[in-house]
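A quick write-up on the structure given underneath.
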Amino acid sequence: MANPVYIKIVEDIKQKVNSAELKPGDTVPPEAALCKEYGVSRMTVRKGLAILVNEGYIFSVPGKGSYVQKPEVNKYTLLYDEMNNPINSVDKARLLEVNIIMPDEKLADELQTTRNKHVIMIRRLFYTDGAPVAYDNKYLLYSKGMPIVEKEIEQATFQEMVSNSMPIFALKKKISISAQMPNEEIKRYLNIYDELALLVVEQKLYNNENKPIGIGVTYYRGDYIKLQGYSE
């Protein structure tokens, strides 16, 4: 089955950009010219151009036309899954604690809530080949009647933990990565006996109104974690 014509328009313009036939700042052929070239309506052409805008190939200036976008050479897409990475996969997760707590000032501020509002705290250990490789903390805003199913929480990713309350596709996510030395508690959980740094990944989840609904912090042994990103 042949692709719709608007997809052909998209692929043809992409090919011209990728081959440098069209360079950053160059004008994309006007809608009227594309309509004539492909024998389609303006609606079809605009559908193709909208896809190119969404994918970052072009930008539009009302009343003037469309132009090739300057590429963001320093932009990478980071691949992150708390249960899997290029070095190892988590083959077992052990639930240490599920509790409903009153947040301290720092946590309340990060969740944009008050200190008298309940928060669900979840603590887990991740294992690979029987060895503990990561210590995981999650904090979720609690609502009355919110189910806490321990068997589901034990193996769930952060996004899966909130999927019952809102669709995963509606979530907005922010991630920050840092290196830290472990405190005594984390050393004990991860069987660290020397000076081994941790890779710490903090996730924040937001609803479609940009309100935080959860914070997750995972502390990985530096010898069991590797993250990768790619550019297009």
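The values are calculated or read from the model by the stated rules, or taken from the named source; none is laboratory data. All values derive from a computational prediction rather than experimental measurement. So basically every Cβ, Gly included, is an ideal-geometry build from the backbone, and we count neighbours across all protein chains shown.
Tell me, yes or no, whether region 73-84 has at least one residue that is of a type in the set (A, V, I, L, M, F, W, C), touching a Gly at 6+ places or on another chain (Cβ under 7 Å), surrounded by 14 or more Cβ atoms within 10 Å (Cβ to Cβ) and under 30 Å from Asp12 (Cβ atoms). No, the conditions are met nowhere in region 73-84.
If you check Gly216 against the conditions, is it under 18 Å from the mean Cα position of the chain (by Cα), exposed (fewer than 12 other Cβ atoms within 10 Å of the Cβ) and either not β-branched (Val, Ile, Thr) or not assigned by TED's automatic domain parsing to the domain that holds Ala134 (or both)?
Working: under 18 Å from the mean Cα position of the chain (by Cα): yes; exposed (fewer than 12 other Cβ atoms within 10 Å of the Cβ): no; either not β-branched (Val, Ile, Thr) or not assigned by TED's automatic domain parsing to the domain that holds Ala134 (or both): yes.
No, not satisfied.
Considering region 172-193, and only residues there that are without any contact (Cβ under 8 Å) to a residue 40 or more places away in the chain and among the hydrophobic types (A, V, I, L, M, F, W, C), the residue that is surrounded by the most Cβ atoms within 10 Å (Cβ to Cβ) turns out to be Ile192. On the stretch given as region 3-17, residues that are in a loop (DSSP other than H, G, I, E, B) and either closer than 12 Å to Tyr38 by Cα or small (Gly, Ala, Ser) (or both) total 1.
Residues in region 101-116 that are among the β-branched types (Val, Ile, Thr) and either surrounded by 12 or more Cβ atoms within 10 Å (Cβ to Cβ) or closer than 30 Å to Gln228 by Cβ (or both): Ile101, Thr113.
Could you check, for region 53-65, whether at least one of its residues is at pLDDT below 95, buried (at least 16 other Cβ atoms within 10 Å of the Cβ), out of contact with any Gly (no Cβ under 7 Å at 6 or more places or on another chain) and not assigned by TED's automatic domain parsing to the domain that holds Asp223? Yes, because at least one residue in region 53-65 is at pLDDT below 95, buried (at least 16 other Cβ atoms within 10 Å of the Cβ), out of contact with any Gly (no Cβ under 7 Å at 6 or more places or on another chain) and not assigned by TED's automatic domain parsing to the domain that holds Asp223.
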